[in-house]
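> Input: one structure, supplied below.
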Amino acid sequence: MFEPLTILANLADPFTLALMTLSACFGIIMGAVPGLSGTLGIALLLPFTFGLDPATALLMLGSVYCGSEYGGSIPAILINTPGTAAALCTTFDGYPMAMKGQAQKALFTALISSVFGGLFGVSALIFLSLPLAAISMQFGAPEQFWLCVFALTIIASLSSGNVLKGILGALLGLVLACVGMDPITGYPRFTFNTMELMGGISVVPALIGLFAIPQALLLLKPADTGEAVMAPYISTPGVFLKTLREFLRRIWVVGLAGVIGVIVGIMPGAGGNIATFVAYNETKRFSRKGKEFGTGLMEGIMAPEVCNNAVVGGAQIPMLTLGIPGSAPAAVMLGALMTHGLKPGFKLFSEQGNTVYTYAFGLIVANILILLLGLVLVRIFARALKIPQHFLVVAILALSIVGAYSINNSPTDVLSMAVCGILGYTLIRFRFGVAPAALGLILGTTMEEGFKLSLHLGAAEGNVVLFFFSRPQSLVLVGLTLLSLGYAVWKEWKNRNE
């Protein structure tokens, strides 16, 4: 299935290591600047991976993903502002510790925790992916359809405060996926008699538009003047080793928060936002110093940082095996996977084993690189907090345009990116889900193929309805879909009545 020597040779390539290092730096900066995110970083970098082999391309994007999760802790500790949503819990103890004059210790705690959490999540990715991929071998056309429905409904229900708006966002993505020729009959739809749209909307420009352009437009808003005071950073020799020794004495936090991160990461749509709150709460519950949480306790930094980095590996397990991303960054990674001609499932592991395992083991290397970068460049990354927002807006727009055009050298791709950007901004302003819309676009063709093939096969067997609902795997997926929607509706109703 895979050749260890080939994987080792791929990871030892100096060019690959250099690209991973630069990508990790880019990811850390994207996480460290409040308002940006790993999702945006992956979407911006994706067009620049064309021309590279799939393994190297995925390693670059994976390095951005891992780096951004660590980067979010830097502003959370220094200015009490989470760089990413998953770093919110890090502010609870990170900023108080920094204000006590221990900013260096707090940053090193976050760095070590991020690396340990990342390694924990990657280990789960390596050992759990193949068994789950083997299960996907039993999926036929109806299971393929219901799997896409399950992915869309659970992402829609968990990524937005309003279940209906999340579902509508997913439906909008499915409508965008209908542009182009019918995958079964070849009949053109919504092409407006233009050859450029015959192949459908290009996924990468659309992803850039949905995630990057709205972020640039949101950054045009006046900055909040009520910004927290930046904690003083005093560099002292020997702090890292001392922090590492204290970290190892609290290693139980890694096991607890890591397991929570992997489990929640595997749950499609939950992501690090939910996982870190659960990990922080459970660590506080099991700690002997539970009453001291929120005052600058080391465990209070460890729990969320281990957890949100473990989510990176967990969220990619269903992405690689079933085509269901566990988080918004994983949804963009799924788009990258398919763009490079790799289809999730058992065949990905059996036919492209070297690529998959090069990527999986490469994430271990990425976390080690982040450790080295954090040790050497932490003060430089902290300066990213002072980048003026108008510079960020220009940089994001320029990278978006160049990236969208460079894919096919087509002005149509730039135009579709701009349209999707306006659409994404509108969705965000009215609190609809952008991630469901993106996933609807990515999975739309697969879902349609599964649905139409099931119709034809069911008609051939004499009962279409029975063909959709009689198979055990289909019934499980239908049950999970109804359960996820029912839970989301109940949770929303409960919140409104509190």
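The values are calculated or read from the model by the stated rules, or taken from the named source; none is laboratory data. Predicted model only: the values in this text are computed from it and were never measured. All Cβ positions, even for glycine, are placed from backbone atoms using ideal geometry, and neighbour counts span all protein chains on display. Remember, those area values only see protein heavy atoms, side chains included, never the ligands or the DNA or RNA. Shrake-Rupley method; radii C 1.70, N 1.55, O 1.52, S 1.80 Å.
> Condition test on P411, is it over 30 Å from A110 (Cα atoms) and free of Cβ contacts under 8 Å to residues at least 60 places away in the same chain?
Judged against the criteria, P411 is a match.
> In segment 399-422, what residues are open to solvent by 50 Å² or more (accessible area, probe 1.4 Å) and not polar (S, T, N, Q)?
Correct list: L399, I401, V402, Y405, P411, L415, V419, I422.
> Further, regarding this structure: Give me the residue from segment 172-212 that is at pLDDT 80 or above and charged (D, E, K, R) and, out of that set, most open to solvent (accessible area, probe 1.4 Å).
It comes out as R189.
> Just to be sure before I move on: is E305 acidic (D, E) and free of Cβ contacts under 8 Å to residues at least 12 places away in the same chain in the structure I sent?
Criteria not met by E305.
> Have a look at P47, P54, P4 and point out the one that is touching a helix residue (DSSP H, G or I) at 6+ places or on another chain (Cβ under 8 Å), open to solvent by 10 Å² or more (accessible area, probe 1.4 Å) and either at pLDDT below 90 or of a type in the set (G, A, S) (or both).
P54
> Related question: Out of all the residues in segment 70-107, which are in contact with a Ser or Thr (Cβ under 6 Å, 6 or more places away or on another chain) and among the small types (G, A, S)?
G72, S73, A76, A86, A87
> Any idea which residue in segment 339-383 is farthest from A9 (Cα to Cα), counting only those that are outside any helix (DSSP H, G or I) and open to solvent by 50 Å² or more (accessible area, probe 1.4 Å)?
Applying the filter and picking the extreme gives K343.
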